[in-house]
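J.: Got a structure for you, written out below as structure tokens; questions coming shortly.
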Amino acid sequence: MYSARDHAQLATSHLVNYERIKDMILCADIKDVITVCTKRKINRKFRKCDASGPSSADMVTVVSEPEEKIYRVSFHKRRRLEDFDSVPFGYIKD
């Protein structure tokens, strides 16, 4: 029997897997993205307490809200070579 977490991981693994990521890198299509939607992601919301409270610590509220994650190929700190290798910006081959 699957738990809710196992079910979410299984659904995500159908969308984000080795073959899809490999195709995204080798095809070099910048616009190719994978969006994974989660119906209920548990998050913590922080807010400051007023000075009249028992302490000046943050109050924490736990909420469940939808979330979207976007997976894409990113080379912000690296540049890609013709043979699909990548090197840091400024790298000079000897």
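J.: If each residue of separation counts as 0.36 nm, what is the full-extension length gain between Ile42 and Ile92 once their alpha-carbon separation is subtracted?
T.: Going from the current span to full extension adds 13.4 nm.
J.: What FRET efficiency, computed as 1/(1 + (r/R0)^6) with R0 = 25 Å and r the Cβ-Cβ distance, is obtained for Lys69 and Leu26, rounded to the nearest 0.05?
T.: For Lys69 and Leu26, the calculated efficiency is 0.65.
J.: On to the next question. Would you mind getting me the FRET efficiency between Val33 and Met59? Use the beta-carbon distance for r and R0 = 41 Å, nearest 0.05.
T.: 0.70
Taken together, the values in this text are just the output of simple stated rules run on the coordinates, not laboratory data. Computed from a predicted model, the values in this text were never measured in an experiment. A quick note on method: Cβ atoms are made from the backbone with ideal geometry, for glycine too, and the neighbour counts reach across all protein chains shown.
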